[in-house]
Amino acid sequence: MSTYFPSGKDLAGKRKWYVVDATGQTVGHLASEIASILTGKRSPQWTPFLDTGDHVVVINARKAVLKGNKVEQKVYRHHTRYPGGLRETTARDMIAKKPERVIELAIKGMLPKNKLGKTMAKKLKVYADAEHPHSAQRPEAYNLTQKAS
C-alpha cells in the first residue's frame, strides 16, 4: 500500500476557481471562510507545508457588512517609512474609497505570515462590484452559510 502525497506539479493543474458574493455577508465570517479555501483546508489533500488551496474571486465587496461599531471604531494604519509617517484611515473612509481593501486585509490577516501565506494571497481577487475579468477560468459559485443570529 502506498500513501498519496501531493506534489507541486499536480497542485497547479487541479486548482478550482470559486466566485463568492459578499452581498450582505459579515466581513469577518466571509474572511475566515475564504481563508480556509485559500489555504486548502477544505480539500482532502491538505498538507500544512504546501499550498493546496484554490483560487477565490470575491465580488460585490462594497456590499459587505461590518457588525457593531466597527464602522466608526476600526482604524487601518500604515507607515510611509518617513519620520512621523504613521497614517490612519477609519473603516468608513476605507469602505468609501477602497472597499476591496477591507476584505483583502481581513483575509490576509488570517493567512500564514510567511512565504506560503504570500503565495496563498496571490490567489485572491477582490472586486468592489459584480463584474470581474475571470470568466475564462469558469469559476464555480461558492455559497457561504450565514450563521443565524
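What the table below lists for this structure:
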{"quantity": "Pair list, Cβ < 6 Å and 6+ apart or interchain, from segment 45-71 residues that are of a type in the set (Phe, Trp, Tyr) to residues that are surrounded by 14 or more Cβ atoms within 10 Å (Cβ to Cβ) and part of a helix (DSSP H, G or I)", "calculated": "none"}
{"quantity": "Single residue of Ser43, Ser36 found to be in a loop (DSSP other than H, G, I, E, B) and small (Gly, Ala, Ser)", "calculated": "Ser43"}
{"quantity": "Within segment 50-149, strands (runs of 3 or more DSSP E) holding 3 or more residues that are farther than 18 Å from Ile37 by Cα and modelled with pLDDT under 95", "calculated": "none"}
{"quantity": "Filter result for Val19 (over 20 Å from Lys118 (Cα atoms), among the aliphatic types (A, V, I, L, M) and not in a strand (DSSP E or B))", "calculated": "no"}
{"quantity": "Residue ID - surrounded by the most Cβ atoms within 10 Å (Cβ to Cβ), chosen from residues in segment 1-19 that are among the polar types (S, T, N, Q) and at pLDDT below 85", "calculated": "Ser7"}
{"quantity": "Any hit, segment 93-104, residues being within 18 Å of Lys14 (Cα to Cα) and in contact with a Phe, Trp or Tyr (Cβ under 6 Å, 6 or more places away or on another chain)", "calculated": "no"}
{"quantity": "Verdict on Asp51 being within 25 Å of Ala136 (Cβ to Cβ) and within 16 Å of the chain's Cα centre (by Cα)", "calculated": "yes"}
{"quantity": "Within segment 61-102, tally of residues that are small (Gly, Ala, Ser) and farther than 21 Å from Ala121 by Cβ", "calculated": "4"}
{"quantity": "Subset of segment 88-105 (residues that are under 16 Å from Ile59 (Cβ atoms) and under 14 Å from the mean Cα position of the chain (by Cα))", "calculated": "Pro99, Glu100, Arg101, Val102, Ile103, Glu104"}
{"quantity": "In segment 116-136, the residues that are farther than 13 Å from Ile59 by Cα and loosely packed, with under 14 Cβ neighbours inside 10 Å", "calculated": "Lys118, Lys122, Ala136"}
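The values are calculated or read from the model by the stated rules, or taken from the named source; none is laboratory data. Because the structure is a prediction, the values reported are computed rather than measured. A quick note on method: Cβ atoms are made from the backbone with ideal geometry, for glycine too, and the neighbour counts reach across all protein chains shown.
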